[in-house]
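Working notes, structure below.
The values are calculated or read from the model by the stated rules, or taken from the named source; none is laboratory data. Please read all numbers here as calculations on a predicted model, not as lab measurements. Cβ placement follows ideal geometry from the backbone for every residue including glycine, while neighbour counts extend to all protein chains displayed.
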Amino acid sequence: MTGNLHRRALFLAAAAAIATPAAAQGTWPGATVRIIVPFSPGGGTDVVGRLLAPKLAAHTGAAFVVENRPGAAATVGAALVAKAAPDGGMLLISAPEMSIHPSMRAKLPYEPLKDFACVSQLTSGQFVLAAHPSVPVRTVKQLIALAKAKPGVLNYGSSGPGGINHLSGELLQIMTGIRWTHVPFKGSGASVVGLMTGEIDFVFGSTASLVGPSKSGRVHAIAVTGPRRFAELPDVPTIAESGVPGFSVTGWYGLYAPAATPPAIVGRIHAEARRALFLPDVKEALAKTGNEPVGSSPSEFTAFLRAETGKWAKVIAEGRIPRVD
């Protein structure tokens with residue numbers, strides 16, 4: 001009798017072990033899933049969240065609610081998700097700041113690679129290096145030559161210290177040996193306006209904000225920062241093919257869950273997000289913002305985030321960029 005009971009217990013334990021992933025997967029989503037966007041409404045991260053939310057809701061039957069929680073350079077919203085219950089009920093969509101903040105923020109209330117489960121890199125985009133028409137530069141090689149002839153005279157604008165467009169300029173400086181001056185603005189939109197009015201010489205801006213001004217002649221597109229040319233500006237080369245091999249900076253949005261979220265739930269969230277990203281109307285809407293869907297796996301996204309974190313840590317250290325509180 002004891003032997004039969006023991007065998008039955010072993011059988012039930014084995015069955016439970018087999019069923020656990022499916023059961024855990026079945027617990028997601030609950031009635032409501034909160035998608036935290038750690039920026040104000042209307043920005044790129046917010047747009048991606050509001051594109052995905054209704055698609056996820058329609059396919060799963062749950063309510064997906066986008067909540068904007070801006071503050072402290074996106075750390076307020078991220079910290080909220082890091083401390084949330086690990087059941088998939090609260091997710092985070094954030095931008096490259098997740099890879100920059102560990103080296104740039106003096107008091108970061110979380111560790112991105114420790115306190116979050118990477119679900120998927122949702123999108124990828126790139127930036128345009130543009131000049132004011134009055135600046136006698138039309139190529140990256142001309143920019144490098146002029147900057148070396150007049151160290152520190154040329155300047156470029158950004159959304160502020162530690163932003164990816166600021167660090168793009170630092171990376172170019174490190175890789176080419178030039179010296180130019182960083183001019184921070186209160187937001188990327190303000191820096192593009194500053195370029196068009198002639199307040200600054202150059203800017204690394206989003207494709208969405210600079211394609212129109214470039215085509216109208218209000219700015220001159222010098223190069224794009226990604227690994228390949230941008231379809232809307234086919235005659236504009238990449239920085240890498242313009243004499244700086246290996247240069248690549250991409251903008252991206254990623255999806256995260258709290259660190260202890262079960263792998264089965266993370267896998268289900270990834271599958272649903274990837275399905276939504278590649279719907280024709282979502283792809284079309286993303287293209288209008290200069291982004292394309294990625295939908296990488298959790299392990300791929302983790303490796304990507306780790307690589308980006310190391311890349312920007314090196315730039316910040318070599319550029320001796322001071323940390324901010």
- Task: Collect the residues in the stretch 85-109 that are under 16 Å from the mean Cα position of the chain (by Cα) and either outside the structural domain of A57 (by TED's automatic domain parsing) or farther than 19 Å from N165 by Cα (or both), keeping them in residue-number order.
- Result: L91, L92, I93
- Item | Selection count where residues are surrounded by 15 or more Cβ atoms within 10 Å (Cβ to Cβ), hydrophobic (A, V, I, L, M, F, W, C) and in contact with a Gly (Cβ under 7 Å, 6 or more places away or on another chain), scope the stretch 274-293 | 1
- Query: Got a number for residues in the stretch 172-205 being closer than 27 Å to V48 by Cα and crowded, with 21+ Cβ neighbours inside 10 Å?
  - Reply: 8
- Query: With (1) on the phi < 0 side of the Ramachandran plot; (2) of a type in the set (A, V, I, L, M, F, W, C); (3) under 16 Å from the mean Cα position of the chain (by Cα) as the list, and A82 as the residue in question, which single condition is left unmet?
  - Reply: (3)
- Task: Mind checking which helices (runs of 4 or more DSSP H) fall wholly inside the stretch 200-316 and carry at least 2 residues that are in the same structural domain as D46 (by TED's automatic domain parsing) and out of contact with any Asp or Glu (no Cβ under 8 Å at 6 or more places or on another chain)?
- Result: 263-277, 280-288
- Message: Given the options M90, M104, name the one that is farther than 14 Å from Y256 by Cβ, in contact with a Lys or Arg (Cβ under 7 Å, 6 or more places away or on another chain) and not acidic (D, E).
- Response: M104
- Within the stretch 148-170, residues within 29 Å of H101 (Cα to Cα), part of a helix (DSSP H, G or I) and touching a Ser or Thr at 6+ places or on another chain (Cβ under 9 Å) come out as I164, N165, H166, L167, S168, G169
- Note on the structure: For A145, the lone unmet condition from (1) within 26 Å of S214 (Cα to Cα); (2) in a strand (DSSP E or B); (3) of a type in the set (G, A, S) is (2)
- Task: Would you tally the residues in the stretch 48-67 being under 30 Å from K107 (Cβ atoms) and either modelled with pLDDT under 95 or part of a strand (DSSP E or B) (or both)?
- Result: 3
